[in-house]
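Following: one structure in structure tokens, then a few remarks.
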Amino acid sequence: MTQRWADYLYIAATMGFTVYGQLILKWRIAHFGSMPVEHGKKLGFLLNLLLDPLIFSGFAAAFLASLAWMAAMTKFDLSHAYPFMSLNFVLVVLLSGWLLSEPLSLQKLVGVTLIVAGTIVAARG
């Protein structure tokens with residue numbers, strides 16, 4: 001593996017941590033149920049979410065994603081690296097369908113395909 005390809009691991013780590021964080025947050029929040037309607041109970045509900053170890057791991061993943069992104073910024077122009085972040089949407093849509101049983105419509109799949117094509121065009125430009 002050449003050094004330049006190894007540099008892409010920073011972008012991949014950013015994506016991996018970001019996608020993990022989104023999926024784990026959704027999965028755990030679904031476990032806790034909907035936010036209470038009463039204003040007085042909302043803060044307690046959110047604090048309970050914050051204290052959940054898996055939700056906290058999602059926040060830790062966001063922090064690690066930030067560190068990996070800073071490392072990527074030392075290796076790439078922002079205009080080259082940032083289009084790869086659009087693949088987070090692709091991964092979240094596909095993995096939420098698979099892991100969280102969220103619906104995958106034809107429209108979502110077409111949108112995901114367009115995002116991938118756009119990322120390829122932008123990354124080569």
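The values are calculated or read from the model by the stated rules, or taken from the named source; none is laboratory data. Computed from a prediction, not measured in an experiment: that's the story for all the values here. In this analysis, Cβ positions are derived from the backbone assuming ideal geometry, glycine residues included, and neighbour counts consider all displayed protein chains.
Exposed (fewer than 13 other Cβ atoms within 10 Å of the Cβ), within 17 Å of Ala65 (Cα to Cα) and without any contact (Cβ under 8 Å) to a residue 60 or more places away in the chain - does that describe any residue in segment 6-14? Quick ask: steps written out before the conclusion?
Step one: of segment 6-14, the residues exposed (fewer than 13 other Cβ atoms within 10 Å of the Cβ) are 6.
Next cut, within 17 Å of Ala65 (Cα to Cα) only: 6.
When the remaining residues are screened for being without any contact (Cβ under 8 Å) to a residue 60 or more places away in the chain, the result is 6.
Checking segment 6-14: at least one residue is exposed (fewer than 13 other Cβ atoms within 10 Å of the Cβ), within 17 Å of Ala65 (Cα to Cα) and without any contact (Cβ under 8 Å) to a residue 60 or more places away in the chain.
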| query | Among the residues of segment 73-96, is any under 27 Å from Gln107 (Cα atoms), of a type outside the set (Ser, Thr, Tyr), without any contact (Cβ under 8 Å) to a residue 60 or more places away in the chain and surrounded by fewer than 15 Cβ atoms within 10 Å (Cβ to Cβ)? | reply | no
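Within segment 34-43, does at least one residue satisfy the condition of being surrounded by 15 or more Cβ atoms within 10 Å (Cβ to Cβ) and more than 22 Å from Tyr8 (Cα to Cα)?
Going through segment 34-43, the residues surrounded by 15 or more Cβ atoms within 10 Å (Cβ to Cβ) turn out to be none.
Checking segment 34-43: not a single residue is surrounded by 15 or more Cβ atoms within 10 Å (Cβ to Cβ) and more than 22 Å from Tyr8 (Cα to Cα).
Suppose the filter is of a type in the set (Gly, Ala, Ser), in contact with a helix residue (DSSP H, G or I) (Cβ under 7 Å, 6 or more places away or on another chain) and closer than 29 Å to Trp5 by Cβ; does Ala117 pass it? Outline the logic, then answer.
Numbers: of a type in the set (Gly, Ala, Ser): yes; in contact with a helix residue (DSSP H, G or I) (Cβ under 7 Å, 6 or more places away or on another chain): no; closer than 29 Å to Trp5 by Cβ: yes.
So Ala117 does not fit the description; no.
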So for segment 44-56 (the condition being closer than 29 Å to Tyr8 by Cβ and either among the small types (Gly, Ala, Ser) or surrounded by 15 or more Cβ atoms within 10 Å (Cβ to Cβ) (or both)), does at least one residue qualify?
no
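Hey, which of the helices (runs of 4 or more DSSP H) in segment 1-113, taking only ones fully inside, have at least 2 residues that are farther than 30 Å from Gly125 by Cβ?
Values: elements: 3-32, 39-51, 53-73, 78-81, 87-99.
Answer list for segment 1-113: 3-32, 39-51, 53-73, 87-99.
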Over segment 97-115, the set of residues surrounded by 14 or more Cβ atoms within 10 Å (Cβ to Cβ) and over 24 Å from Ala30 (Cβ atoms) is Ile115
*Yes or no: Ala30 under 21 Å from the mean Cα position of the chain (by Cα) and modelled with pLDDT of 95 or more?*
no
Any residue at all in segment 41-61 that's in contact (Cβ under 8 Å) with a residue 60 or more places away in the chain and of a type in the set (Lys, Arg)? no
